[in-house]
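In what follows, a structure is listed as structure tokens, so that the remarks can point back to it.
Derivation of every value follows stated rules applied to the coordinates shown; laboratory data play no part. In this text the structure is predicted, and so the values were computed from the model without any measurement. Reconstructed Cβ throughout: ideal geometry from the backbone, glycine too, with neighbour counts over all protein chains shown.
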Amino acid sequence: MIRAFQGIVPRVGARVFVADSALVLGDVEIGEDSSIWFNCVVRGDVNWIRIGARANVQDMCCIHVTNGKWPTVIGDEVSLAHNVMLHGCTLERGVLVGMSTTIMDGAVVGEGCLVAAGSLLREGFQAPPHTLVAGWPAEVKKDLTPAQRELVQGIWPRYIRYKEAYFADGWPVAEAPRIPDPRPGFREGHPYP
Ligand SMILES: CC(C)(COP(=O)(O)OP(=O)(O)OC[C@H]1O[C@@H](n2cnc3c(N)ncnc32)[C@H](O)[C@@H]1OP(=O)(O)O)[C@@H](O)C(=O)NCCC(=O)NCCS
């Protein structure tokens, strides 16, 4: 389901999949060929959320923001495995976040990182590019091995194939709702609630 909030309508690129049980609301942008799977919440009601192209947000993920302070920014070719919680953080291009991880306000995960399953990234945590980050709370462990890089780089292309298989099976391509008098988002001056 894709819904406007206070007149701000999510912006959705070409051939995006949004499962019917997912909620995408408000000041959210999703780039082309990305997919948002079953029971996800992407709630852009008190700040903005950007999801790049060819990204996948797997089942049960929750993406939110902090009012007026921390948007959430997800780069191209990012994979969020099942049950990831993102709040007011930035993930650069090509990051893989393992299942059931939580990433908090102001954290920045560099390009191509692997965040191990079940990790907690504290507020303001910084991960250099192409490193393994793991633990509760998380620390930077080491540079990725070739096998870990392969894992990170293998998932997003697979999810492009998966969402295309769903389209072939009759699931609809995502379309933003049309509403009268749509409004620009928070970055363009919409007041924070
Ligand atoms: C990270 C992962 C790939 C393991 O990789 P690995 O090559 O076996 O890791 P290593 O054995 O080199 O571990 C390196 C360090 O990270 C730690 N570590 C690895 N996985 C960890 C995890 N999930 N939680 C906490 N620490 C972890 C190890 O204990 C080790 O710590 P140390 O150096 O202090 O001893 C795996 O744990 C993981 O999280 N996979 C992602 C699964 C997933 O969500 N897939 C998506 C499906 S769509």
Please verify whether the range 144-162 includes one or more residues that are in contact (Cβ under 8 Å) with a residue 60 or more places away in the chain, farther than 29 Å from ILE8 by Cα and among the β-branched types (Val, Ile, Thr). yes
Restricting to the range 111-151, and then to whatever is among the β-branched types (Val, Ile, Thr) and buried (at least 16 other Cβ atoms within 10 Å of the Cβ), can you tell me which residue is nearest to CYS61 (Cα to Cα)? VAL115
Go through the range 31-58 residue by residue and tally those that are aliphatic (A, V, I, L, M) and farther than 19 Å from ASN83 by Cα. 2
Name the residues in the range 137-193 that are farther than 30 Å from PHE125 by Cα and assigned to a helix (DSSP H, G or I), would you? ARG161, TYR162, LYS163, GLU164, ALA165, TYR166, PHE167, ALA168
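TRP48 - would you say it is in contact (Cβ under 8 Å) with a residue 60 or more places away in the chain, more than 16 Å from the ligand (Cβ to nearest atom) and surrounded by fewer than 21 Cβ atoms within 10 Å (Cβ to Cβ)?
Spelling it out, TRP48 is indeed in contact (Cβ under 8 Å) with a residue 60 or more places away in the chain, more than 16 Å from the ligand (Cβ to nearest atom) and surrounded by fewer than 21 Cβ atoms within 10 Å (Cβ to Cβ).
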Does the range 1-13 hold any residues that are under 14 Å from ALA176 (Cα atoms) and either assigned to a strand (DSSP E or B) or touching a residue at least 60 places away in the same chain (Cβ under 8 Å) (or both), and which are they? ILE2, ARG3, ALA4, PHE5, GLY7, ILE8, VAL9, PRO10, ARG11, VAL12
The range 130-157, subset within 16 Å of GLU92 (Cβ to Cβ) and of a type in the set (S, T, N, Q), residue farthest from the ligand (Cβ to nearest atom): GLN153
Filter result (touching a residue at least 12 places away in the same chain (Cβ under 8 Å), closer than 21 Å to MET1 by Cβ and not charged (D, E, K, R)) within the range 163-185: TYR166, PHE167, TRP171, VAL173, ALA174, ALA176, PRO177, ILE179, PRO182, GLY185
Select, from ARG122, ARG149, the only residue that is over 27 Å from VAL18 (Cβ atoms) and touching a Pro at 6+ places or on another chain (Cβ under 8 Å). ARG122
Is it the case that the range 60-68 has a residue that's more than 26 Å from GLU188 (Cα to Cα) and either buried (at least 24 other Cβ atoms within 10 Å of the Cβ) or touching a residue at least 60 places away in the same chain (Cβ under 8 Å) (or both)? yes
For residues in the range 82-123 being within 16 Å of the ligand (Cβ to nearest atom), among the small types (Gly, Ala, Ser) and touching a residue at least 40 places away in the same chain (Cβ under 8 Å), which is nearest to GLN148 (Cα to Cα)? GLY112
Output the residues belonging to the range 70-81 that are more than 9 Å from the ligand (Cβ to nearest atom) and of a type in the set (Ser, Thr, Tyr). THR72
Every listed condition ((1) aliphatic (A, V, I, L, M); (2) more than 11 Å from the ligand (Cβ to nearest atom); (3) free of Cβ contacts under 8 Å to residues at least 60 places away in the same chain) holds for ALA55 save (3)
When you check MET60 against the structure, is it within 16 Å of the ligand (Cβ to nearest atom) and over 17 Å from SER34 (Cα atoms), yes or no? no
